[in-house]
Amino acid sequence: MTSPSPPAARPAAARTTALFTAVLLVSTCGLVYELAAGALASYVLGDSVTQFSLVIGLYLSAMGLGAWLSRWIDGQLARRFVDLELAVALVGGFSAPLLFLTFGRVAHFRPVLFALVVLVGTLVGLEIPLFLRILRQRLEFKELVAKVLSVDYLGALVGSLLFPLLLVPRLGLVRTSLAIGLVNALVGLWTTWLLAEEIRGLPWVRARCGAVVVLLLLGLAGADRLTSLGEEALFSDPIIYSRQSAYQRIVVTAGRGSFQLFLDGNLQFSSLDEYRYHEALVHPAFAAAGRREEVLVLGGGDGLAVREVLRHPEVRRVTLVDIDPAMTALAVDVPMVRQLNGGALLDPRVQVVNEDAMAWLAALPPGRRFDVVVVDFPDPNTFSVGKLYTTRFYRLLHDHLAPEGAAAIQSTSPLLARTSFWCIATTLERAGLFVRPYHAAVPSFGEWGFSLVRRVPFAVPSGLLPGLRYLSDAVLPGLFEFGPDLSRVPAEVNRLDNQILVHYYEAEWRRLE
Amino acid sequence: MTRLSRRELLLTFLGPLVAAGCRSGRAPALPFEGTVAGADDGLGHRLRQAAGPEPARSSRAEVVVVGGGLAGLSAAWRLSRAGLEDYRVLELGAAPGGTSVGGTGPVTAFPWGAHYLPCPQPHARAVELLAEELGAARRGSDGRLVFDEAQLCRAPQERVFVGDRWYEGLYPRAGATARDREELELFQAEVRRLCALRDARGRRAFAVPMAHGSDDADLTALDRISMAEWLETRGLRGERIRWFVEYGCRDDYGLGLADTSAWAALHYHASRTDDGGPDDLLTWPEGNARIVAHLARRAGPRLATGALVTSVRPLARGAEVVVAPAGGGPAERITAGQVVLAVPRTVAARLLPHPRLQAEARAFEAGAWLVANLGLRRRPRSRGFPEAWDNVLHGSRSLGYVVATHQVDRHGGPPGATVWTWYLSLTARDAGEAHRWLLGLSWREAAELVVADLRRAHPDIEQCIERLDVWRWGHAMIRPRPGFVFGPLRRGAAEPLGDVHFAHTDLSGLPLAEEAQWHGIRAAEEILARRRVRTDSLL
């Protein structure tokens, strides 16, 4: 009979190499948490230099705090190290999902972020001092310090390379943090073999490791509910916010000093150049309108068009109709978006209505008229949005536009979807409106088109609000000129019972793919 | 009837493709509730045993209309327009409408039967008038009707599920061979030719109402052959073209290709447009119950529901109607100058047991239908082309489903909630057998049929259903088998018997709202003529 023999004592050198590998892994993980927090902070809160410095500073000082606290940890060092790894795995691993979930749901995101940074930093700060003490008996002090610290810094290099090149592009922030947590937990588990003889109650310790590994694996599986891997691959920048509302998938990505909003995968704006789009959408209609007191914004739940509207001092009341409460909540609750729209939706002059624009207009009392109407729907790529570009809709718009009023309608790209663009103009004309199409260059979108309409014939407007970043009275007339590659093409009228625009649009964009 | 196993049930009602996908053994309990209803249950059949108590009271009316479906209500509408206001309409059901009834729920109204009205051609004056009264059309400056965009069926109108995904349109183009496409082209060319064809008197080959169409012998000869034979003589033998054409037969007539008159089948395709293009349709969440509600409002208190007529007797002058509350109570004898019997011929022959009517009743055959309304809390998964108004499953014997909220921008439920109305016409050759099958069907069996049918296209449909209600129509719609439409019995059936006039869509041999309206107006105008009321005909 042979009894299970205790693990043959490894050659001391091999075991030491293994322990240094563990140090390398641990320090790589530590750096990735730091980078993830820094990236999230700069994405979410904007002003990347300040946020990044703040997070790094906090994180490093928290590590210092951890190192200082390590003096109160005594006895059972190996076991405590395993527990520490499990704590880092849980807190660090779930930090990004937690931030992802709180972002946009809590009023004060910053305290949550900083508390997490301090907590993870402190735990990570405990790691190296404990390790040094565990290895104290095995190596001479000068060799120990030299080796551990050099491996630690090497780990930092590995982490700093993996994070931007492999982890974030492949996994996204949420999965990166969970995967790194998993590495910490596995290091903990591995340590129970490397230092088996120093750990009492081994099965129980290993069971705990197993439980944390399972939790993190569950987290990885559940991460699909936040963002799917396929979705991460779809966007060129990391996703920092994503919600499936009742109507659409709302995704915010951030990187390279700006952030972007996507609805169902289609870019709505980039913080870099949205001002060009929104100035072009809003101000020509204000210049064309006889009065500017009652304003209606249809779509545009991001609040950016309302921001431009509120620059006009004559405006007394703005009604914003956007079907999706999740969109208007995003405009108010998410700091980076609220910063960009200047808190427009909180202005006392603004009333937010979450309703289908067609149903809302149809239910409006006949006498209710608006001086300026801004129509900012997503492009007509589905039948449910396409209905908002039909004669039926534009007749309702006509009926609720003041006789002296003006409306501007985002009309997709006259360059990339030329027939679609002119189909919108044709449809507006059929609804009895006078149309002046115009276009503007918005780098994120390309050449973008709009339709300015009134109930009476009118000339190209002038007298823009002074002090705009993009538009001025000097450049405005040029926007109404269409070169040969943009000029009018024949198109059918878009009606509820043909939705021809959706077919045009799909054909034109498919050609580009 | 012996109990069918689950698989046999699917095979019988929905065909081999749906049955093949069925899990064997007893299915787990369905995670939703519902009820079963049907016009034929109880009430209608009480007619057969009705000995008729001696009426306790008597009254008089100038005209009594028996039957509050579209035909009866249209007769009343026509009388009112001519200033004849002393009439009564007696409807057996709890609500008027016949096969155009609808229902209501927290999310939306929905149809239980007929659910659209094709935009009329200018020759159909009465239908045009109706559309104007409904606020669905107005007269344009050129004198032609302009239809309200909001009430025209929105795009996308149709999609078809083939293989594993949905495609736009009704014809299953996916996977069609060159020969399939050629056959479709041939069929469409023939339809275009028939749409453009005018006879020596300038009438369309096929028209709605059919009375406006040609009765040339070479066209009516099409009624003597089946649609299967017609396709065969043109060499159209492919599965796809046959499925496509048969879908029309099942949808409008509840018949298979071999049992449908070729004239009737071609009428479906070639009666409504000049160019064979797709029809423009008017539709509403509650379907044709919208029309019923309008006509019922016009009739006002003269319309009585829950009124069980037990006999109609022609007198030397005028006629006598005995009616009792359907829920029980004393009967009433109404003596009228004229009576309009706006009920199916089979019912007419029971109320008025005249040898002519009884002979006709044997030739008039109505098909059985199963209709289900699915209240959905959210839309199920769906691959390919997005949801349309009419959603058809290739390879199933069901007719697919229509979406009640297709025409509305705002409804009473959470986003994504809706009601789907699923239709199945029982095309069994023996209408009696189909009827017995249908009445033997429990709620659970019916619900399983619906779920099994939809699961192919929507794997998670069961989890999306809030409730599922079923209506069993024992005798839903007249079936135009070969020889019926232009046979002697159908053509003579509209002739009055003394002062009893007849109105019902089955007098056309085609189950269409416009035909019901036409016969209602015709019967009313016959009465107006007898009473020497001067009025221009709306026909």
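Observations, loosely collected:
- Size of charge dipole - the stretch B:179-276 - debye, nearest 20, with Cβ of Lys, Arg +1 and Asp, Glu -1, no other charges: 200
- Stretched out straight at 0.36 nm per residue, the stretch from A:Ala207 to A:Ala18 would grow longer than its current Cα-Cα span by 65.8 nm.
- Once the C-beta distance of A:Thr382 and A:Leu161 is scaled by a Förster radius of 51 Å, the resulting FRET efficiency is 0.75 to the nearest 0.05.
- Overall, the accessible surface of the protein assembly as shown at a probe of 1.4 angstrom is composed of carbon and sulfur to the extent of 57 percent.
- When DSSP beta bridges are restricted to pairs lying wholly in the protein assembly as shown, around 65% turn out antiparallel.
- Whole-number D in µm²/s for the stretch A:12-230 (Stokes-Einstein; Kirkwood sum over Cα pairs; 20 °C, 1.002 mPa s): 121
- Full-extension gain in nm, A:Phe480 to A:Leu218, via 0.36 nm per residue minus C-alpha separation: 88.7 nm
- Cβ-Cβ FRET estimate between A:Leu512 and A:Thr50, R0 fixed at 35 Å, reported to 0.05: 0.35
- Normalising the average separation of contacting C-alpha pairs (under 8 angstrom, six or more residues apart) by the number of residues puts the relative contact order of chain A at 13 percent.
- The 3J(HN,Hα) values that the Karplus relation (6.51, -1.76, 1.60; θ = phi - 60°) gives for the stretch A:88-98 are, in residue order, 4, 4, 6, 5, x, x, 8, 5, 5, x, 5 Hz. Gly and Pro appear as x.
- Residues along the stretch B:139-179 losing 40 Å² or more of accessible surface when the other protein chains are present rather than the chain by itself (probe 1.4 Å): B:Glu149, B:Arg154, B:Ala155
- Using a 1.4 angstrom probe on protein heavy atoms only, the contact between B and A buries about 1400 square angstrom of accessible area, both sides summed.
- Among beta bridges that DSSP assigns inside the stretch A:271-512, antiparallel share in %, nearest 5: 40
- Förster radius 41 Å - calculated FRET efficiency between A:Gln339 and A:Phe434 (Cβ-Cβ, nearest 0.05): 0.60
- Relative contact order [Cα under 8 Å, 6+ residues apart], chain B, whole percent: 26
- Per residue, the stretch A:223-337 exposes 32 Å² of solvent-accessible protein surface, assessed with a 1.4 angstrom probe and all protein chains in place.
- For the stretch B:179-276, the share of alpha carbon pairs falling in successive 5 Å distance bins from zero is 3, 14, 24, 26, 20, 9, 3, 0 percent.
- Bridges between two residues of chain B, per DSSP, are antiparallel at a rate of about 65%.
- Note that the stretch B:179-226 presents 50 Å² accessible area per residue, ligands and nucleic acids not counted, probe 1.4 Å.
- Within the shell defined by Cβ-Cβ distances under 11 Å, the residues around B:Thr273 carry a net charge of -1, with Lys and Arg each +1 and Asp and Glu each -1.
- Computed from backbone phi, the HN-Hα couplings of the stretch A:480-494 come to 8, 9, 10, x, x, 7, 10, 5, 4, 10, x, 8, 6, 7, 8 Hz, rounded to whole numbers (Karplus: 6.51 cos²θ - 1.76 cosθ + 1.60, θ = phi - 60°; Gly and Pro given as x).
- Extending 7 Å from the Cα toward the beta-carbon at both A:Ala362 and B:Ala304 defines two label points whose distance is 3.9 nm.
- Computed across chain A, the Kirkwood hydrodynamic radius from all distinct Cα-Cα pairs reaches 26.0 Å.
- Per-residue HN-Hα couplings for the stretch A:61-72 [Karplus 6.51, -1.76, 1.60; θ = phi - 60°; Hz; x = Gly/Pro]: 5, 5, 4, x, 4, x, 4, 5, 5, 4, 5, 8
- Under 5 Å between amide hydrogens, built in the peptide plane, is the criterion, and for B:Phe206 it picks out B:Ser214 among residues at least 5 positions away or on other chains.
- Residues of the stretch A:466-513 whose accessible area (probe 1.4 Å, heavy atoms of protein chains only) drops by at least 50 Å² once all protein chains are present, relative to their chain alone: A:Leu496, A:Asp497.
- For A:Ser411, residues with placed amide H under 5 Å, excluding near neighbours: A:Gly449, A:Phe450, A:Ser451
- Protection proxy ranking of B:406-418, B:356-368, by the mean of other Cβ atoms within 10 Å over each peptide's residues and highest first, is B:356-368, B:406-418.
- Taking amide hydrogens as placed 1.01 Å from N in the peptide plane, the amide H of B:Ala37 sits under 5 Å from those of B:Val470, B:Trp471, B:Arg472, each at least 5 positions away in sequence or on another chain.
- Taking label positions 7 Å along the Cα-Cβ direction at both A:Arg469 and A:Trp72, the computed distance is 4.9 nm, reported to one decimal.
- Lys/Arg +1, Asp/Glu -1 at C-beta; the protein assembly as shown dipole; positive extreme among B:Val347, A:Gly255, A:Leu396: B:Val347
- Candidates B:Ala174, B:Ala264, B:Val107 compared by Cα position along the dipole of chain B: farthest toward the positive end lies B:Val107, with charges placed on Cβ.
- Options A:Leu19, A:Thr192, A:Phe109, ranked by Cα towards positive dipole end of the stretch A:12-230, top entry (Cβ charges): A:Thr192
- Computed magnitude of the charge dipole of the protein assembly as shown (debye, nearest 20; Cβ of K, R +1, Cβ of D, E -1): 1660
- Contact order normalised by residue count of the stretch A:174-265, Cα under 8 Å, 6+ apart, percent: 19
- Based on Cα atoms of the protein assembly as shown, Rg over Rh with Rh as the Kirkwood radius reads 1.09.
The values are calculated or read from the model by the stated rules, or taken from the named source; none is laboratory data. Keep in mind that this is a model prediction, so the values were computed, not measured. As a convention, Cβ positions derive from the backbone with ideal geometry for all residues, glycine included, and neighbour counts pool all protein chains shown. Calculation scope for accessible area: heavy atoms of the full protein, side chains included, ligands and nucleic acids excluded. Shrake-Rupley method; radii C 1.70, N 1.55, O 1.52, S 1.80 Å.
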